[in-house]
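Throughout, read-outs are computed from the coordinates displayed, never taken from laboratory work. Every value quoted in this text rests on a predicted model; they were computed, and no experiment measured them. Here Cβ is always computed from backbone atoms with ideal geometry, including for glycine, and neighbour counts include all displayed protein chains.
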Amino acid sequence: MESSKLKALKRKKKRVLRIKKKIVGTSERPRICVTKTNTQLFVQLIDDVNSLTLVSMSSLNKEIKKTHKNVSNVDSSKKLGEIIAAKCSEAGIKQAILDRRGNKYHGQIASLADVMRENGVQI
């Protein structure tokens, strides 16, 4: 018999694949892949057509660690969203598609997306 944890992981993997087959990032409109762990948040802007990572950042960034003691909260994800939005404007990216990797759209992921929208990236 499988444990409930293994069943949950299998369900999440199916959910991630179901979402990913509908979302494709291009160079004009890359996919924002947000990976969330218990302690960290990782964000990548990916061009799936050319298989390139255009911009990447995580909550392990020195700027975030200086100002936020706990990097796994909503405030640090807002700071991460500001940094990613600035890098997007440098790279000339104005539109993107959000891939939340099977996580619910609330808390850290919602605040990250809202801050990116406020700083000029259409999601």
For the chain, calculated [θ]222 nm from helices alone, where every DSSP H run of n ≥ 4 adds -39500 (n - 2.57): -13500 deg cm²/dmol
Local electrostatic count at Gln122 - Lys and Arg +1, Asp and Glu -1, tallied over other residues with Cβ under 11 Å: +3
Furthest towards positive pole of dipole, Ser59, Gly102, Leu80, structure part the chain, Cβ charges: Gly102
27 Å Cα-Cα reach of Lys12 towards lysines, excluding residues that sit fewer than 8 places from it in its own chain: Lys20, Lys21, Lys22, Lys36, Lys78, Lys104
Average Cα contact separation per residue, the chain, under 8 Å, 6 or more apart, as relative contact order %: 26 percent
Segment Lys104-Lys62, extension gain: residue separation times 0.36 nm, minus the distance between their alpha carbons: 12.4 nm
Cα-centred dipole magnitude for the range 1-103, charges only on beta-carbon of K, R (+1) and D, E (-1), debye, nearest 20: 760 debye
Two-site FRET efficiency, Gln122 against Asn70, from Cβ-Cβ distance with R₀ of 30 Å, rounded to 0.05: 0.50
Inter-centroid distance (Cα atoms) of the range 71-117 relative to the range 1-33, Å: 18 Å
Length added when fully stretched, Ile23-Leu9, from 0.36 nm per residue minus Cα-Cα: 2.9 nm
